[in-house]
1. Which of the residues that make up the range 48-80 are part of a helix (DSSP H, G or I), over 16 Å from L113 (Cα atoms), in contact with a Leu (Cβ under 9 Å, 6 or more places away or on another chain) and not polar (S, T, N, Q)?
2. For the range 91-106, name all the residues that are closer than 19 Å to P67 by Cα and either over 13 Å from the mean Cα position of the chain (by Cα) or aliphatic (A, V, I, L, M) (or both).
3. Write out, first by first residue and then by second, each pair whose Cβ atoms fall under 8 Å of each other, whose residues are 6+ apart or on separate chains, and whose first residue, in the range 38-64, is farther than 20 Å from E96 by Cβ while the second is of a type outside the set (D, E) and in a loop (DSSP other than H, G, I, E, B).
4. Residues that are of a type outside the set (D, E) and on the phi > 0 side of the Ramachandran plot: does the range 70-85 have at least one?
5. Quick one: in the range 81-96, of everything that is of a type outside the set (A, V, I, L, M) and either in contact with a helix residue (DSSP H, G or I) (Cβ under 7 Å, 6 or more places away or on another chain) or not in a helix (DSSP H, G or I) (or both), which residue is farthest from D106 (Cα to Cα)?
Amino acid sequence: MSRSRITAACGLLAALLLVAGCCAAVAQTTSTGGGEMDTTQLCKEAEQQLPGDPNISAFKQCAATKPIPQDCCAKLAPYAKYLPCLKNPDYRAAVEAFLSGTTSIDEIRTTCLV
């Protein structure tokens with residue numbers, strides 16, 4: 001998968017995950033019938049699903065408005081299950097690169113997690 005696709009996936013991933021940001025939500029959405037979903041599988045899913053998702057572009061576009069509007073933050077909620085991928089330094093860096101010039105993980109955290 002190309003770096004730009006990973007970056008796009010991770011961008012939305014980080015943003016939405018931070019918005020959803022609650023450990024309980026992550027535990028609930030990453031759990032499968034027999035236990036916790038493998039993070040590697042989860043992140044591969046993010047690489048495949050997120051780059052083409054129109055909500056990624058929509059979030060980045062609306063996040064340019066400061067402060068980030070709550071309806072913009074809400075666009076990230078469906079992606080909370082990908083939060084564990086942010087523990088991977090490569091994904092986190094890709095997310096920051098994707099968001100660069102528009103917002104940051106820290107801004108999303110402070111604006112959307114109120």
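1. Of the residues in the range 48-80, the ones part of a helix (DSSP H, G or I) are 48-49, 54-62, 70-80.
Narrowing the set further to residues that are over 16 Å from L113 (Cα atoms) leaves 48-49, 54-58, 60-62.
Filter once more, so that each one left must be in contact with a Leu (Cβ under 9 Å, 6 or more places away or on another chain): 55-57, 60.
Answer for the range 48-80, where residues must be part of a helix (DSSP H, G or I), over 16 Å from L113 (Cα atoms), in contact with a Leu (Cβ under 9 Å, 6 or more places away or on another chain) and not polar (S, T, N, Q): I56, K60.
2. Here is the first cut: in the range 91-106, the ones closer than 19 Å to P67 by Cα are 96, 98-106.
Residues satisfying the conditions are L99, S100, G101, T102, I105.
3. Qualifying pairs under 8 Å: Q48/M1.
4. Taking the range 70-85 and keeping what is of a type outside the set (D, E), we get 70, 72-85.
Retained after the next criterion (residues that are on the phi > 0 side of the Ramachandran plot): none.
Within the range 70-85, not a single residue is of a type outside the set (D, E) and on the phi > 0 side of the Ramachandran plot.
5. Our first condition is that a residue be of a type outside the set (A, V, I, L, M); within the range 81-96, this holds for 81-82, 84-85, 87-92, 96.
Among the residues that remain, those that are also either in contact with a helix residue (DSSP H, G or I) (Cβ under 7 Å, 6 or more places away or on another chain) or not in a helix (DSSP H, G or I) (or both) are: 81-82, 84-85, 88, 91-92, 96.
Values: K81: 19, Y82: 17, P84: 16, C85: 16, N88: 16, Y91: 15, R92: 12, E96: 10 Å.
Out of the qualifying residues, it is K81.
Residue by residue, here is whether (1) β-branched (V, I, T); (2) over 10 Å from the mean Cα position of the chain (by Cα); (3) modelled with pLDDT of 90 or more; (4) buried (at least 17 other Cβ atoms within 10 Å of the Cβ) holds:
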{"site": "I6", "(1), (2), (3), (4)": "yes, yes, no, yes"}
{"site": "C10", "(1), (2), (3), (4)": "no, no, no, yes"}
{"site": "C22", "(1), (2), (3), (4)": "no, yes, no, no"}
{"site": "T30", "(1), (2), (3), (4)": "yes, yes, no, yes"}
{"site": "E36", "(1), (2), (3), (4)": "no, yes, no, no"}
{"site": "I56", "(1), (2), (3), (4)": "yes, no, no, yes"}
{"site": "K60", "(1), (2), (3), (4)": "no, yes, yes, yes"}
{"site": "Q70", "(1), (2), (3), (4)": "no, yes, yes, no"}
{"site": "P89", "(1), (2), (3), (4)": "no, yes, yes, no"}
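The values are calculated or read from the model by the stated rules, or taken from the named source; none is laboratory data. As the structure is a computational prediction, the values presented were derived from the model and not from experiment. Because the Cβ atoms are built from the backbone with ideal geometry, glycine has one as well, and the counts that use them run over all protein chains shown.
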